[in-house]
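As structure tokens, the structure follows; a few thoughts come after it.
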Amino acid sequence: MDVMPVDPRDQTWEVAEPRYRVYFWDGSSSTEFELTASDVHEAHRWAEENRGDRTFTLYASVPVDGLGLVRLSGLDPSAGAGAPVS
């Protein structure tokens with residue numbers, strides 16, 4: 001991990017009420033949910049409580065130029081190598 005100071009004035013937008021997407025993986029197939037949670041910890045807790053024997057990927061849902069996803073936790077097994085699975 002690299003750490004460096006930042007200038008907070010370079011920020012140009014913010015999402016005040018974030019939405020999250022959770023993909024539960026069973027092999028290479030997934031079941032997806034969208035959550036409106038108060039924060040990422042609540043979304044992650046919900047995913048942990050509902051995963052069963054599945055792995056999951058947690059994304060922030062970002063509505064810029066359409067809808068984009070920012071991976072916060074886990075790995076998309078259909079995307080190849082990446083971060084460890086939750």
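Laboratory data are not the source of any read-out in this text; all were calculated from the coordinates shown. Everything quoted here is computed from the prediction, not taken from an experiment. Positions of Cβ are generated from backbone atoms using ideal geometry, with glycine treated the same way; all protein chains shown enter the neighbour counts.
The figures follow:
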| item | result |
| --- | --- |
| Tally, over segment 50-66, of residues that are surrounded by fewer than 11 Cβ atoms within 10 Å (Cβ to Cβ) and aliphatic (A, V, I, L, M) | 1 |
| Any hit, segment 24-34, residues being in contact with a Pro (Cβ under 9 Å, 6 or more places away or on another chain) and among the polar types (S, T, N, Q) | yes |
| Cβ pairs under 9 Å, 6+ apart, first in segment 1-13 and of a type outside the set (D, E), second exposed (fewer than 10 other Cβ atoms within 10 Å of the Cβ) and outside any helix (DSSP H, G or I) | W13/V64 |
| Neighbours by Cβ (under 7 Å, 6+ apart or cross-chain): first from segment 31-49, surrounded by 15 or more Cβ atoms within 10 Å (Cβ to Cβ); second in a helix (DSSP H, G or I) | L35/A43; L35/W46; A37/A43; A37/W46 |
| Boolean, L69 is touching a helix residue (DSSP H, G or I) at 6+ places or on another chain (Cβ under 7 Å) and surrounded by 15 or more Cβ atoms within 10 Å (Cβ to Cβ) | no |
